[in-house]
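The values are calculated or read from the model by the stated rules, or taken from the named source; none is laboratory data. All figures in this text were calculated on a predicted structure; none of them were measured in a lab. Using ideal geometry, Cβ is built from the backbone for each residue, glycine included, and neighbour counts are taken over all protein chains shown. Only protein heavy atoms, including side chains, enter the accessible area calculation; ligands, DNA and RNA are left aside. Shrake-Rupley method; radii C 1.70, N 1.55, O 1.52, S 1.80 Å.
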Amino acid sequence: VQLQASGGGLVQAGGSLRLSCAVSGSSVSRYDIGWFRQVPGKEREFIAGRRRSNSNPYYADSVEGRFTISRDNTKNTVYLQMNSLKSEDTALYYCAAGTPILSTMRRPEAYNYWGQGTQVTVSS
């Protein structure tokens, strides 16, 4: 299974970006999907997740109400719509796929497959 993240870039504070995560080698419908981000010197942080059952998504408090995770199983792609971006959202963003149990969905180690990361930079 391979994941390819894209859509990052430079945006002004208050702006929007949509990240995409294209999955190949298997159907994305088989996996839970998580989005994480990381800045140098810090641990990888969970920001959004959606289970393969397509039940209600999960968000970190820091992005709740601003970010939206969605999945299009027909395109084998997962998206992260990011609105009202802040300078503290600047990070390398990763998508991940796996079959974590519910209680571990926010942990990076619970995911088996990772994309290469796409950089998001928010200027203030």
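Among the residues of the range 91-105, the ones that are at pLDDT 95 or above and open to solvent by 20 Å² or more (accessible area, probe 1.4 Å) come to 2 in all. For the range 63-113, a residue qualifies if it is closer than 19 Å to Ser24 by Cβ and of a type in the set (A, V, I, L, M), and the qualifying residues are Val78, Leu80, Ala96, Ala97.
The lone criterion from (1) of a type outside the set (Ser, Thr, Tyr); (2) modelled with pLDDT of 95 or more; (3) more than 17 Å from Val122 (Cβ to Cβ); (4) exposed (fewer than 13 other Cβ atoms within 10 Å of the Cβ) left unmet by Gly65 is number (3). Would you confirm whether or not the range 95-103 contains a residue that is under 19 Å from Arg18 (Cα atoms), out of contact with any Phe, Trp or Tyr (no Cβ under 6 Å at 6 or more places or on another chain) and free of Cβ contacts under 8 Å to residues at least 60 places away in the same chain? No, the range 95-103 has no match at all.
Kindly evaluate Arg52 against the criterion of being at pLDDT below 95, open to solvent by 70 Å² or more (accessible area, probe 1.4 Å), charged (D, E, K, R) and over 11 Å from the mean Cα position of the chain (by Cα).
When the stated conditions are applied, Arg52 passes them.
Would it be correct to say that Glu64 is more than 15 Å from Asn112 (Cα to Cα), without any contact (Cβ under 8 Å) to a residue 40 or more places away in the chain and within 14 Å of the chain's Cα centre (by Cα)? Judged against the criteria, Glu64 is a match.
Does Gly14 satisfy the criteria of being open to solvent by less than 60 Å² (accessible area, probe 1.4 Å), out of contact with any Lys or Arg (no Cβ under 6 Å at 6 or more places or on another chain), touching a residue at least 24 places away in the same chain (Cβ under 8 Å) and not hydroxyl-bearing (Ser, Thr, Tyr)? Yes: the conditions hold for Gly14.
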